[in-house]
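Participant: A single structure is presented below for examination.
The values are calculated or read from the model by the stated rules, or taken from the named source; none is laboratory data. The structure displayed is predicted, hence computed values, not measured ones. A quick note on method: Cβ atoms are made from the backbone with ideal geometry, for glycine too, and the neighbour counts reach across all protein chains shown.
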Amino acid sequence: MMKALWLTLCLLAQPMLAQEFTTLKGHGGPIMDIAVTPDGRVATASFDNTVGLWTERTPHWFEGHDAAVSRVVATPEGLVSGGDDFAVIRWPDGKTLGQHAGKVQALDLLPDGRIISGSWDGTVKIWGEYEQTLMSPRGSVNAVGVGPDGAIFVATTNGEILRYDTPEAAPLPLVQHGFGVNRMVAGAGWLAYGAVDGGTRVIDAKTGAAIADFTLDRRPILALAHHAGTGQIAVGDGQGYIMLIDTRNWRITRDFRATRDGPVWALAFSLDGQTIWAGGLDDVAYGWPVAALDRFDPEMGQERSFLRAADTMPNGERQFMRKCSICHALTSDPSRKAGPTLHGVFGRKAGTVPGYRYSEILHGSPIIWDEATIDALFDQGPDHFIPGSKMPMQVIAGPQDRSDLIAFLKQATQKDEKP
């Protein structure tokens, strides 16, 4: 059944037009990761709890995560995603392969087709006929990589990189960077990694010896992508740049400012290596032709209203933009955001917006949203006010800031009065 559905989706696919700037619009939250399928389509993982599979500019939504989807990887049979809900889910059938005990921050594909995942719970798991767990000795797992020879690389928030020649082998320490390593890609005999301090380095995949250093004065490194056929590595950072590296002679070929403001969280090459796909704070994925990167002005960072200068907004609106706007809409229009709309929230019973997949804890909740309950929500934080809900930890410590937010929400979420 899963393969039949995947085949149906594949038959609908049309190749993305090469050498054109492309936008993929439809998500309700920032783009956290991007992958390209064996038939050339783009898959996007989003803060809105969904995975999008794009046929040209038309998405098919995979919904099953209960929190932000942080990683997605393409396989010959479909997609696999990991999220902040600790789950690893296979698509298109939506089967949960299993759970970590912390956020899933890394996914990759082993040569035998099994999936490998890494989590902030300090473990790496391999999903196949049976679950296999590798323990990371120190720190949460931020990244995993798989070399052409099948070697497994594990990177942690403590800056350590380990090599496992097989899943059963003892780990070989390769690097102690000193700052958390966020992303890795592996090639023939080399491993490239990007770190919190902006470190962008290439090492020998067996010994850890330095091969090249592309560290610039930009941090942190948040995304890496590799295209073996054209010998390219793409590097995305917190200041909105995409740097392209030629692996054949280890030199920088392009350094492109992709966004006016905000980070580059996600990168992937098209199958032919001629297009680079990127995502960040916008609800949009962007595709640039590699050969023409230098001809484009920054396109990312223009969709998010909270990127406006803070001093241009009243304090209540500013609090909403900073704390709430990624997850919640203010209008009654259909929205793909991670949280339910706040339209008409005052006087509404918690857990009752039609069509929204609430946490079990909110089904039958006695909470009525009003000035007092919204103030308590942000005073205590959702994890204390509604333990077990999907709402991320958000605290507004200042009483005046909470009061200004509530005043803004009362005005901005009013239902239209019928004549």
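Participant: Would you confirm whether any residue within the stretch 367-376 is among the β-branched types (Val, Ile, Thr), at pLDDT 90 or above and crowded, with 17+ Cβ neighbours inside 10 Å? Reasoning before the result, please.
Facilitator: Filtering the stretch 367-376 for residues among the β-branched types (Val, Ile, Thr) gives 367-368, 373-374.
Keeping just the survivors that are at pLDDT 90 or above gives 367-368, 373-374.
Retained after the next criterion (residues that are crowded, with 17+ Cβ neighbours inside 10 Å): 374.
Yes, the stretch 367-376 contains at least one residue that is among the β-branched types (Val, Ile, Thr), at pLDDT 90 or above and crowded, with 17+ Cβ neighbours inside 10 Å.
Participant: For the stretch 337-366: of the residues being touching a Gly at 6+ places or on another chain (Cβ under 7 Å) and closer than 18 Å to residue 63 by Cα, which is surrounded by the fewest Cβ atoms within 10 Å (Cβ to Cβ)?
Facilitator: The first filter runs over the stretch 337-366 and keeps only residues touching a Gly at 6+ places or on another chain (Cβ under 7 Å), leaving 337-338, 358-359, 361-363, 365.
Now narrow it down to the ones that are closer than 18 Å to residue 63 by Cα: 337-338, 358-359.
Values: 337: 22, 338: 26, 358: 17, 359: 15.
Taking the candidates together, the pick is 359.
Participant: A further question on this structure: Filter the stretch 147-180 down to the residues that are hydroxyl-bearing (Ser, Thr, Tyr) and under 14 Å from residue 191 (Cα atoms) and list them by number. So that I can check it myself, show each step before the final result.
Facilitator: The first filter runs over the stretch 147-180 and keeps only residues hydroxyl-bearing (Ser, Thr, Tyr), leaving 156-157, 164, 166.
Hit for the stretch 147-180 is 164, nothing else.
Yes/no matrix, rows are residues, columns are (1) part of a strand (DSSP E or B); (2) buried (at least 24 other Cβ atoms within 10 Å of the Cβ); (3) touching a residue at least 60 places away in the same chain (Cβ under 8 Å):
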site	(1), (2), (3)
48	no, yes, yes
62	yes, no, no
72	yes, yes, no
76	no, no, no
81	yes, yes, no
90	yes, no, yes
96	yes, no, no
101	no, no, no
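Participant: Which members of the stretch 112-139 meet the condition of being surrounded by fewer than 20 Cβ atoms within 10 Å (Cβ to Cβ), in contact with a strand residue (DSSP E or B) (Cβ under 7 Å, 6 or more places away or on another chain) and not β-branched (Val, Ile, Thr)?
Facilitator: 114, 122, 127, 131, 132, 135, 138, 139
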